[in-house]
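Asker: A single structure is presented below for examination.
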Amino acid sequence: MITVENLNYSVNGTQILHDVSVDLPKGGMTALIGPNGAGKSTLLSHVSRLLPLQTGRVRVDDLEIGHCASSDLARKLAILPQQVHFVTRLSVRELIRFGRYPHCKGRLGPKDHARVDAAIEAFGLEALSDRFLDTLSGGQRHKAHVAMTYAQDTDYLLLDEPLNNLDIAASRALMALLRDLADTQNKTIVIVLHDINFAAHYADHLVVMKDGQINCTGRPEDLVTTALLRDVFGTAANVEMVCNKPYVLP
Ligand SMILES: Nc1ncnc2c1ncn2[C@@H]1O[C@H](COP(=O)(O)OP(=O)(O)O)[C@@H](O)[C@H]1O
Ligand SMILES: [Mg+2]
């Protein structure tokens, strides 16, 4: 489980996270939703130690952020940030190999190569594996980065808006793959999603943020209501139940 306790975070005198305490359960898929600027990326950046802790505690199972070795955390948790900077003259396969770094420090063995091959296959990147990143479409490049995160083979996968740039087929395929990782390989998926319908359909658990605070947590079928859309997102959208899942009518 990921446990966040009393996390506060300020930049230049502006408070961005306000005393955030939340548990992200182990196993299954937790979706983090909330309006733009709610603090979702900032929270994930703290969990993955991309931002230094100012106050509060973050624990990932038995590892405490700020006190554990970075290499231990890298083998337990992988993150795909919202903005990735890519090196143009790097092929898809070379990028995915970087995902194995925490395990082999750059000297890939047979197990590492097998995992790279598995990531390429899982994301249908075979035909693109030798192409340089700057020759790909935004969506293809994005998929390569998700595959790199997958290749890390960690218990926890944190993905910040991984559906950006993906078409409907690619979005559904990625969500189905992440769901399968949670269901059959005991991975814990924590994912920031803007599409509430995707979140409600695929996730077991929602964490709703607003104004740098946790607004509510729970099952999609309990949380996604007309009232939530009004109060948290400030929009008057109707919610219907479709196949026992809430469905926001745009
Ligand atoms: N380095 C920074 N300097 C100033 N403001 C920041 C910085 N990083 C984030 N913020 C602000 O913090 C708030 C939360 O940002 P973020 O966590 O990216 O939101 P979300 O991912 O939910 O859209 C936003 O208002 C954003 O403008
Ligand atoms: Mg964000």
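Laboratory data are not the source of any read-out in this text; all were calculated from the coordinates shown. In this text, all values refer to a predicted model and were calculated from it rather than measured experimentally. Ideal geometry is used to build each Cβ from the backbone, glycine not excepted, and the neighbour counts take in all protein chains shown.
Asker: Please get the size of the charge dipole for the chain, origin at its Cα centre, with Cβ charges of +1 on Lys and Arg and -1 on Asp and Glu, quoted in debye to the nearest 20.
Answerer: 620
Asker: Hey, another quick one. My understanding is that a pair violates if its Cα-Cα distance is over 30 Å; which of 105/210; 111/245; 111/143 do that in this structure?
Answerer: From the list (105/210; 111/245; 111/143), the Cα-Cα distance tops 30 Å for 105/210; 111/245.
Asker: Express the relative contact order of the chain as a whole percentage, based on alpha carbon pairs under 8 Å and six or more residues apart in sequence.
Answerer: The value is 25 percent.
Asker: Counting other C-beta atoms within 10 Å, which of 209, 241 has the fewest, and how do the rest follow?
Answerer: So the ranking, lowest neighbour count to highest, is 241, 209.
Asker: If you don't mind, there's one more thing I want to ask. Starting from the range 61-168, pick out the trypsin sites (Lys or Arg not before Pro) whose DSSP state is loop and whose Cβ has at most 12 other Cβ atoms within 10 Å.
Answerer: 89, 105, 107
Asker: Next up: Place +1 on the Cβ of every Lys and Arg and -1 on the Cβ of every Asp and Glu in the chain, take the dipole about the Cα centre, and give the residue among 171, 225, 123 whose Cα lies farthest towards its positive end.
Answerer: The listed residue farthest towards the positive side: 123.
Asker: Counting Lys and Arg as +1 and Asp and Glu as -1, what is the net charge of the other residues whose Cβ lies under 15 Å from the Cβ of residue 54?
Answerer: Net local charge, residue 54 excluded: 0.
Asker: Mind running the shape call on the range 8-146? Use the C-alpha gyration tensor, a ≥ b ≥ c as the square roots of the eigenvalues: rounded below 1.5 for a/c, prolate if a/b tops b/c, oblate otherwise.
Answerer: Note, shape of the range 8-146 comes out prolate.
Asker: Residue 237 to residue 11: extension gain in nm, 0.36 nm per residue of separation minus the Cα-Cα distance?
Answerer: Contour length minus Cα-Cα distance gives 78.0 nm.
Asker: Can you give the alpha-carbon Rg of the range 92-179 over 2.2 N^0.38 Å, where N counts its residues?
Answerer: Ratio of Rg to 2.2 N^0.38 Å for the range 92-179: 1.03.
Asker: In addition: Among 119, 127, 200, which one moves the most in a GNM of the chain with springs linking Cα atoms closer than 10 Å?
Answerer: Among 119, 127, 200, the largest GNM mean-square fluctuation belongs to 127.
Asker: Using just the alpha carbons, could you tell me how many Å³ per residue the convex hull of the range 1-67 encloses?
Answerer: So the per-residue Cα hull volume is 84 Å³.
Asker: Oh, and also: So what is the calculated 222 nm ellipticity per residue for the chain, using -39500 (n - 2.57) for each DSSP H run with n of 4 or more, over all residues, to the nearest 500 deg cm²/dmol?
Answerer: -9500 deg cm²/dmol
Asker: Given springs between every Cα pair under 10 Å in a Gaussian network model of the chain, which of 81, 35, 162 has the largest fluctuation?
Answerer: 35
Asker: Same structure, new question: Along each of its three principal axes, how wide is the spread of alpha-carbon positions in the range 2-249, in whole angstrom units, largest first?
Answerer: 51, 42, 34
Asker: Mean-square fluctuation check for the chain, GNM, Cα pairs under 10 Å: which of 58, 87, 22 is largest?
Answerer: Among 58, 87, 22, the largest GNM mean-square fluctuation belongs to 87.
Asker: If you don't mind, another one. Residue farthest toward the positive end of the dipole of the chain, with Cβ of Lys/Arg at +1 and Asp/Glu at -1: which of 138, 249, 156?
Answerer: So the residue we want is 138.
Asker: Another question, then. May I ask what percent, to the nearest 5, of DSSP beta bridges between residues of the chain are antiparallel?
Answerer: 60
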